[in-house]
Amino acid sequence: MKKRRGLLAVSSLLVLSLTVSACSSNNDAVNDTSKEGNGNAETTPVTESANPEDLYLGKYEEPIEVSTVRILSPSVKFTGSETIDNNVWYTEYANKLGIKLTNEWSVVGDEPGGQGEQKMNVSIASGDLPDIVPLNASQLRQLADAGKLADLTELYEKYASPKTKEVMTSSGPEALASATFDGKLLAIPSPTSKIDQAQMIWIRTDWMKKLGLEAPKTMDDIFKIMDAFVNQDPDGNGKKDTYGMAMDKDLYGFFDGLEGFFNSYHAYPRQQGKANWVQAEDGSLEFGSIQPEVKTALGKLQELYKKGYIDPEFGVKDWNKEKELVVSGKIGLWFGSMSAPLVLQDLKNADPNADLMPFPLVSIDGQAAKAQIPGINLKTPQYLAVTKGAKNPEALLKMINLFFEVTYGKTYTQEQVDKLSTSPVDGIERWMYSIYTAEPEKNLTTHRLMKQIFTTKEKTEADVSVEQMGAYRSVKKAVNAEKMETIDWALNRVFSPADSSFNIIDNYDKDGLLLPSAFSQVMTETMTKRDSTLLKQELQTFTNIILGEPLDSFDKFVENWKKLGGDEMTKEVNELMSSK
Amino acid sequence: MVERLTISRRLFIGFNYIFLALLSILCILPLVHVLAVSFSSSSAAAAGYVKLWPVEFTLESYKYVLGKEEFFESILMTIKRVAVGLTVNMVLTILVAYPLSKEVNKFRGRTIYAWVFVFTMLFNGGLIPLYMMVKYTGILDSVWALVLPQAVPIFNMILLLNFFRGLPKELEEAAFMDGAGHWTTLWKVYVPLSAPALATITLFTMVFHWNSWFDGLIFMNSPHNYPLQSYLQTVVIQQNFTSASLETIAELSKISDRTFKSAQIFLGSLPILLVYPFLQRFFMKGIVLGSVKE
Amino acid sequence: MLNKVTEDRIAIVESAAKPAKKRAWKFQLPLHLMILPGLLLILVYSYGPMLGAIIAFQDFNPARGIFDSEWSGLDNIRYVMALPGSFQIIWNTLIIAVMKIVVGLIVPIVVALMLNEVRKELFKRTVQTLVYLPHFLSWIILGGVLIDILSPSYGIVNQMLNWFGIDSIYFLGSNDWFRPVLVTSDVWKEFGFNTIVYLAALTGINPTLYEAAVIDGANRWKQTLYVTLPGMAPIIILTATLALGQVLNAGFDQVYNLYSPQVYETGDIIDTFVYRIGIVDAQYGVATAVGLFKSVVSLILLSTSYFLAYRFANYRIF
C-alpha cells in the first residue's frame, strides 16, 4: 500500500507540473497547488491554443491521473472483459482527453439512503476522498461546510462547453444555484426532468368501453367512473370485488400517489414525500400540505373511503403491494405519473385485453387544474464535486463535456455513438459507465420528435438519436399496426403522438398548467433536521382522516406543524428565495 | 429398556407428534410459497396469484442471478469467507471459552476478562470508526475485513463456556493428574466431549458468514470482491423508480423483484439445508456423561 | 462428592504457600495465553471504534471528522426528548421487546421438551431442521406474505376466524393487534434458533439421573419436571439474561417492513426513529446518542441480573 502511495505521489508531481503550465490562468485552485509544488514547472509546455474547443475537449499531452469512486445503478450491466474500472468510456477518457480515470471503489445501489450513499458517508468521515466525488445534497453541504471542496466557479466558466452550460440551465437556474455556496460553485449538479413528475389520471379504457363511460371532463365524471368501477362489475366475474381508485400507505408517490387528486382540488401538498411550497397572494411562500384546499380534498377522500371506493387495506400496503390489485384486475383508476404502462407490463401480460389510457387532470370547479412539479429535480448521485487537493479540477468538466459531445455533438459518428451509448448489438446501456449523465427533458423531446415524424411529418427517421430509437421503433409498430410486444405497447403509451402520457405533459406545458414548487432549493437546514418528523405526523394525520377521524384534526396538525419547526422552515425558505 | 405405556402417555405421544408435525408445516409453508414465487412468472407473482405452487413455471429469476459472471466470483468469495471465518471463529471461540469456564480460584481475572468480552455485545462505536480501524490495520478489501472484526462471536462463546462448565470436573482432574497441561486438556478432553455444542455454534457461525452482506458492501472496494449475499443484495432491484430513467424503469419492470428476492432467499438457505442435517449427527444424547460413568 | 473434595484440596494447595502460588501462576499462564488472541482482536476492532461513540456529544459533521466537529454536550439527547412522541416511542419499544423476550423464551423451551419426547430420530431431525427455516426468510418478503394471510377480506387467518363465528380482524391496521402480530410473527421466525440451543443443552444431562428417577417411580412428566428442566436451567437463565440486553431492540427490519401510518402510535420504535433521524435526516450525532442510551440501559439490566444471579443462586452466568 505504502509503495503504491509513493508511486502515486511521484506521478501526481509530474501531473502537477503539467497542469501548471497547461492552464496558467488566474484560477485559484491550480495556483494554490503550484505554490505547494516544486520548481520544475517548466516541462513540456502544452500549447495554449486560442481555440476554446481545445479547452472543452482538448487532450492533455502527458496523460494525467484522476481518481474517483463510482455509485452504480442496479441495472448496469457488463459483458466480456469490461468492468466499471475498464470500459469504453474510460478508454475514451484516456484516448480522447488524456485522462486516466481510476476508481478507488465502486458500489452498486444508487437509491436515496442506499448503499452508495452509505459507503460515501464512510469515505467522507474517514477522510478517504478521491479527486472527484459523487455526493447527495447533505453530503455536499457537509463537505462545503468543512471547506473540503475546490471552487469550480471560474473553471466552469472557462472549461464548460456551451452544450454543457445549456443543459445545466435548461430546466432553470436552480440546479447550479443549489450547488453554489457563498457565491462559489462547488459541484456540478445532475439535473433530471422536473416535468416528468407531473401527474395525470390513469384509467382502464377497456372497462370504460365495456360500461359505456365517457372520457372524464370534471371531477364529478371521475367519481361517476369510480362508482361504476365499484358497482357495475367491470371485470365481469359477478362479484363485487373491485375498487374505484388505487392509493397506498405512503399517500404520495410516483405510481399511485395522491398528488394529482389534490391538484384537482387546487391543493399542492408534498410531492413523492418531499416538501412542496406554494406562493401566497402576498408573494410569500407557504408550505403546501397545510393549505385549506388540502383539508377539503381530505374530506372527499374520507367520503370515498367510506363508500368503499378505496381498497380498505391501502393503509398497510406500499405501492408495490397495491400494484397487485391493479395487475390482477381489481382496480382500474388512479392518479400517477407518466411511467405507469412501463411499470404495469405485468398487467398487459396477464390480461392482453387490458388497456390503459392517461387523461389530463380535471378540476373540481370551473378553474383549470394545474399539475404540481418539483422546483428542482436531481438524479442520484445528485452532484459531482472536486476535492481541494485535486491536481486537475478541470478534468471533471472535460469529461462532462465529452458526455454531451457524444450525446448531442457532431464530431462522433453514429457508429462511435453506438459503442458509447445503448448498443444496438447487445442492448447493453454503456452510457451508464460515463462518470456523468444528465439529460433533463429528454423524454419530452422524444415525444415531440414522434409528433414531428408521424403527425406533422417535418422530420424523418434520420433525426432519431440512438437514445430515442427504442421508443421510435415501438411507436412505429403501433402506427403501422404491426404486431407489438408488451414493451412496445408500454413505450407507445408513453411516447406516441397522441393518447400518450407525454402528450398530456406536452399539453400541460403548452397550456401553462404546470405548477413548479415555489421553493427551488434542495433543502434548508431546519428541513434537513425536521422533515422526517414532520412527514411522519402528516402521514399519520392524513391517513387517520381518510379512515374516518374527524376532519378537524387537520387544524391541529397545522398548529403542530408550525410549532415543530414549520414556522422556522417557512422563515428560512422565504429568506432564501428573496435573496436569490 | 421396555417402557409400559399408559393410556395418557399414548395420548400424549400421539398429540406430540401431531403438534410437532403441524408446527413444522407452519414453518415450512412460507418457504414453499417463496420457492413457488421464485419459479413463477413475473406477472403471476405481481398479481398475487402464486400460493404454494408455481404459476406459469419459469427459471427466469434463477437465470438472471446465475447468468452474471459476478455470481460465480461471489460464490468463490463466500466459500473463502466461510472457510476462513469458520476456522478463525471456532478456534478463537474455543480458546476464549475454555479459560473463562474456569472458576475464579483457578483462573484469576476471569471475571474481568468475561466482562471485557460481554461489554462488546452491548456497546459499539458504529460503522464509521470501525471502517477507519479496518483501514488502518490494512485489511480493507480482503477477506480478513469480513472475518477479524467479528473474530470472537460473544454469544457463541458464552454458550460454549457454559457447556464446558457443565462437563464433569473429574475428567479434567484426571487429565491433570496424568500430567497434562491446559492445552492438552482442552484439545484432548474438552473439545471431543463438546460435539453437540460445537456443532451448534458451527451452524450459527456458518449461517452468519453465509448470510452477512452489509460488511461486504462497505469493506470491499469492488463488486468483484463481494461475497454472495452482498452481490445478491445489489442485483435485487432496489425499487428506486422515483428518479430512475425510463430505460431503467423498463429494464426493472422486466424482472419482478418479488420472484427475484424469492430466488435469493432460497439460495441463501440452501447450504444450511444441506449442512444442518449432517451436523445433527452430533446431537447425540448422553455422550458426555456416558463417557465418565464408572 | 468426590468432586467437591478435590476442588477444596486444590484450592487449599493453591493458597498454601508462596512457591505454590508461583506454581499456580505458571499453571494458569496458558489460560491467559489462550485468551490473548481473541482479546487483542476485540481491543482493536471493538474497543478501538468505541471511541467513535463520542460523536454522541457532538454536532457531528462527517466531513470535519471526530476531531474537528463541534462539541454540543447533551444537546443531542435533549433534541430527541423534545421531539413529539419520543416517550411513546420508548414505551412502544419496551412493550414490544419485553413481550418478544418472554414469549421467545418460553416457546423454544416447550418445543425442545416436546422434541425430547420423540423417539423416532428421523422425525425429530426433520422437525428440528424445518423449524429453523423461517429464520432465513427476510422481513421484506414476509411483509407481503403477512399482509396476504392476515387480510381481513381474503386472508386465511380471518377466514378461519369466520368459521368459528368470529368477525374479521384488521390485524396489521389495528393499534390493538399490531404488537401481538409483531410478537407472534417474530417468535415464529426465530424460535428454531433457540430450540437448537436447548436441544444441545439437553444432550448434557446425565442419563443416570433419568435412570434414578425411573427407579424412584417418576413418570415421564415428573422426569421432565425434576430432571430435564433443572438440567436446562443454566442455559435458560443464560439466554434470558442475554435477552435482557435486547430490551430496547424491538427489531428494526420487522417493524420497518410491517408498520404504516395507521399504527405509528403503537408500532413506532426507537430503531425506526433512529433510522429516520440518522439515515433520512443525516444527523449522526443524534442517532449515536440514542444508540448510546440504548447500550447504557442494556448494560444496567444485564449487570443487575448478572449480580442477582450470582448473589442469590451463587451462579455466574458468564
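The values are calculated or read from the model by the stated rules, or taken from the named source; none is laboratory data. This is a predicted model, so every value here is computed, not measured. As a convention, Cβ positions derive from the backbone with ideal geometry for all residues, glycine included, and neighbour counts pool all protein chains shown.
When only residues in the stretch C:154-187 that are in contact with a Pro (Cβ under 6 Å, 6 or more places away or on another chain) and crowded, with 17+ Cβ neighbours inside 10 Å count, which is nearest to A:Phe314 (Cα to Cα)?
Per the criteria, the residue is C:Tyr170.
Only one of the listed residues (A:Val294, A:Val278, A:Val326) is in a strand (DSSP E or B) and either touching a residue at least 12 places away in the same chain (Cβ under 8 Å) or in the same structural domain as A:Thr486 (by TED's automatic domain parsing) (or both). That residue is A:Val278.
Applying the criterion of at least 2 residues that are under 23 Å from A:Ser434 (Cα atoms) and among the hydroxyl-bearing types (Ser, Thr, Tyr) to the helices (runs of 4 or more DSSP H) found wholly in the stretch A:102-194 leaves A:153-159, A:162-170. I'd like to check something: does the stretch C:142-153 contain any residue that is more than 30 Å from A:Asn544 (Cα to Cα), at the interface with another protein chain (Cβ under 9 Å from one of its Cβ atoms) and either surrounded by fewer than 20 Cβ atoms within 10 Å (Cβ to Cβ) or not aromatic (Phe, Trp, Tyr) (or both)? The answer is no, given that none of the residues of the stretch C:142-153 is more than 30 Å from A:Asn544 (Cα to Cα), at the interface with another protein chain (Cβ under 9 Å from one of its Cβ atoms) and either surrounded by fewer than 20 Cβ atoms within 10 Å (Cβ to Cβ) or not aromatic (Phe, Trp, Tyr) (or both). Across the stretch A:239-282, which residue is nearest to the chain's Cα centre (by Cα) among those that are aliphatic (A, V, I, L, M) and at negative phi? Here the answer is A:Ala275.
Please report, ordered by residue number, the helices (runs of 4 or more DSSP H) entirely within the stretch A:494-575 with at least 1 residues that are within 14 Å of chain C (Cβ to nearest Cβ).
Answer list for the stretch A:494-575: A:525-546, A:553-561.
Could you say whether any residue in the stretch A:172-180 is under 30 Å from A:Asp196 (Cβ atoms), more than 10 Å from every other protein chain (Cβ to nearest Cβ), among the hydrophobic types (A, V, I, L, M, F, W, C) and surrounded by fewer than 22 Cβ atoms within 10 Å (Cβ to Cβ)?
yes
Filtered by the rule that a residue be under 20 Å from B:Asn211 (Cα atoms) and within 7 Å of chain C (Cβ to nearest Cβ), the stretch B:131-149 gives B:Leu148, B:Pro149. For the stretch C:243-260, the criterion of being over 28 Å from C:Phe193 (Cα atoms) and crowded, with 17+ Cβ neighbours inside 10 Å is satisfied by at least one residue. Here A:Pro358 meets the list (1) in contact with a Leu (Cβ under 8 Å, 6 or more places away or on another chain); (2) farther than 30 Å from A:Gly147 by Cβ; (3) crowded, with 23+ Cβ neighbours inside 10 Å almost entirely, failing just condition (1).
Residues checked against (1) modelled with pLDDT under 85; (2) touching a His at 6+ places or on another chain (Cβ under 9 Å); (3) assigned to a helix (DSSP H, G or I):
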residue: A:Glu439; (1), (2), (3): yes, no, no
residue: A:Asn443; (1), (2), (3): no, no, yes
residue: A:His447; (1), (2), (3): no, no, yes
residue: A:Phe454; (1), (2), (3): no, no, yes
residue: A:Ala462; (1), (2), (3): yes, no, yes
residue: A:Gln468; (1), (2), (3): yes, no, yes
residue: A:Ala478; (1), (2), (3): no, no, yes
residue: A:Met484; (1), (2), (3): no, no, no
residue: A:Asp488; (1), (2), (3): no, no, yes
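Checking the stretch B:51-69 against the condition returns no match, with no residue being within 12 Å of chain C (Cβ to nearest Cβ), not in a loop (DSSP other than H, G, I, E, B) and not hydroxyl-bearing (Ser, Thr, Tyr). The condition (being over 24 Å from B:Phe208 (Cα atoms) and aromatic (Phe, Trp, Tyr)) is satisfied by just one residue among C:Phe123, C:Phe136: C:Phe123. Counted as qualifying within the stretch B:201-294 are the helices (runs of 4 or more DSSP H) with 2 or more residues that are at pLDDT below 80, under 29 Å from A:Glu324 (Cβ atoms) and within 14 Å of chain A (Cβ to nearest Cβ), namely B:228-235, B:246-254, B:257-279. Collect the residues in the stretch A:212-258 that are in contact (Cβ under 8 Å) with a residue 40 or more places away in the chain and among the basic types (Lys, Arg), keeping them in residue-number order. Correct list: A:Lys217, A:Lys249. Examine the stretch A:268-285 for a residue that is over 19 Å from C:Pro261 (Cβ atoms), crowded, with 24+ Cβ neighbours inside 10 Å and of a type in the set (Ser, Thr, Tyr), and state whether such a residue exists. Scanning the stretch A:268-285 turns up at least one residue that is over 19 Å from C:Pro261 (Cβ atoms), crowded, with 24+ Cβ neighbours inside 10 Å and of a type in the set (Ser, Thr, Tyr). When the residues of the stretch A:311-326 are narrowed to those that are of a type in the set (A, V, I, L, M, F, W, C) and out of contact with any strand residue (DSSP E or B) (no Cβ under 6 Å at 6 or more places or on another chain), which ends up nearest to the other protein chains (Cβ to nearest Cβ)? For the stretch A:311-326, the residue satisfying everything is A:Val316. Residues in the stretch B:23-38 that are of a type outside the set (A, V, I, L, M) and more than 22 Å from C:Arg125 (Cα to Cα): B:His33, B:Ser38. If you filter the stretch B:22-49 down to residues that are facing another protein chain (nearest Cβ under 7 Å) and of a type in the set (S, T, N, Q), you find that the one that is farthest from A:Leu347 (Cα to Cα) is B:Ser24. The set of residues in the stretch C:202-217 being in a loop (DSSP other than H, G, I, E, B) and either farther than 20 Å from C:Val118 by Cβ or more than 9 Å from every other protein chain (Cβ to nearest Cβ) (or both) consists of C:Asn206, C:Asp216, C:Gly217. Among the residues of the stretch A:78-120, just one is within 24 Å of the chain's Cα centre (by Cα), away from chain B (no Cβ under 11 Å) and under 19 Å from A:Glu65 (Cβ atoms), namely A:Trp89.
Criterion first (away from chain A (no Cβ under 14 Å), without any contact (Cβ under 8 Å) to a residue 12 or more places away in the chain and in a helix (DSSP H, G or I)) does B:Leu5 satisfy it? It is false that B:Leu5 is away from chain A (no Cβ under 14 Å), without any contact (Cβ under 8 Å) to a residue 12 or more places away in the chain and in a helix (DSSP H, G or I).
Which of the helices (runs of 4 or more DSSP H) contained wholly in the stretch C:15-101 include at least 1 residues that are at positive phi, modelled with pLDDT under 95 and within 13 Å of chain B (Cβ to nearest Cβ)?
Passing ranges, in order: C:65-68.
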